[in-house]
Amino acid sequence: MAETFKINIASCERELTKYPVSNKLDIAAFILFDDVEITEKSAKALLDVCPEHDILLTAEAKSIPLCYEMARIGCKRYVVARKGTKVYMSDPISVNVNTITTKYDQKLYLGQEDVEKLKGKRVLIVDDVISTGESLVALEKLVEATEGILVGKAAVLAEGDAANRDDIIFLEKLPLFFK
């Protein structure tokens, strides 16, 4: 039986399964895809503490439900930075990203249609979990490249040392589990 970690997020009690990232480190996996209750409650709780914004920006894929729900009850607009180009993306821009849960370097892409949506707008970056901060850096670079105005960076959880940062908004701390 897998080890778990109990956490309370936006008044939702959850038990997260721990997974090895290396032979010295486990993480507790937080997955929003199938948890409508925590997605809805976390979106509301984050909007209550986030700065005013015109549009949300997130990276594909785990934080899309959260970003959608925040846009649905808030500003009504969001953009997803994709992990690959699509045929409908004209003249895409890209940035590199490497995260704790991905074993290889990736790129995030925006097509010109999305670039125009962000240009000159107050942008709030949204993620499910902030850990190393690499995804945030990539998204910040995209905001800068689009001439958007970054107003904040928000996540449901701040993992490990990210919980000590003063430049992010988050609901709960998530520890790392060293062996």
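Taken together, the residues in the range 110-126 that are farther than 14 Å from GLY148 by Cβ and either touching a Leu at 6+ places or on another chain (Cβ under 7 Å) or modelled with pLDDT under 95 (or both) amount to 0. Here the range 154-179 is the region considered, the condition is being in contact with a Phe, Trp or Tyr (Cβ under 9 Å, 6 or more places away or on another chain) and of a type outside the set (A, V, I, L, M, F, W, C), and the residue that is least open to solvent (accessible area, probe 1.4 Å) is GLU159.
Residue count for the range 7-30 under the criterion of being closer than 15 Å to LEU171 by Cα and either surrounded by fewer than 16 Cβ atoms within 10 Å (Cβ to Cβ) or not hydrophobic (A, V, I, L, M, F, W, C) (or both): the result is 5.
Taking the criterion of being assigned to a loop (DSSP other than H, G, I, E, B), closer than 17 Å to VAL129 by Cα and open to solvent by less than 70 Å² (accessible area, probe 1.4 Å), would at least one residue in the range 77-86 satisfy it? No, that holds for no residue.
Of all residues in the range 2-28, those that are on the phi < 0 side of the Ramachandran plot, of a type in the set (A, V, I, L, M, F, W, C) and not in a strand (DSSP E or B) total 2. The number of residues in the range 31-52 that are under 16 Å from ILE64 (Cβ atoms), among the charged types (D, E, K, R) and open to solvent by 40 Å² or more (accessible area, probe 1.4 Å) comes to 2.
Scanning the range 130-140 for residues that are modelled with pLDDT of 95 or more and open to solvent by 10 Å² or more (accessible area, probe 1.4 Å) returns a single hit, GLU140. Only one entry of GLU69, GLU60 meets the criterion of being surrounded by 22 or more Cβ atoms within 10 Å (Cβ to Cβ) and of a type in the set (Asp, Glu), and that entry is GLU69. Within the range 127-179, restricting attention to residues that are assigned to a loop (DSSP other than H, G, I, E, B) and either touching a His at 6+ places or on another chain (Cβ under 7 Å) or of a type in the set (A, V, I, L, M, F, W, C) (or both), which residue is nearest to TYR109 (Cα to Cα)? Selected residue: ILE168.
The values are calculated or read from the model by the stated rules, or taken from the named source; none is laboratory data. Bear in mind the structure is a predicted one, so any value in this text is a computation, not a measurement. Heads up, the Cβs are rebuilt from the backbone with ideal geometry, glycines too, and the neighbour counts pull from every protein chain shown. The area values use the complete protein model at the heavy-atom level, side chains included, leaving out ligands, DNA and RNA. Shrake-Rupley method; radii C 1.70, N 1.55, O 1.52, S 1.80 Å.
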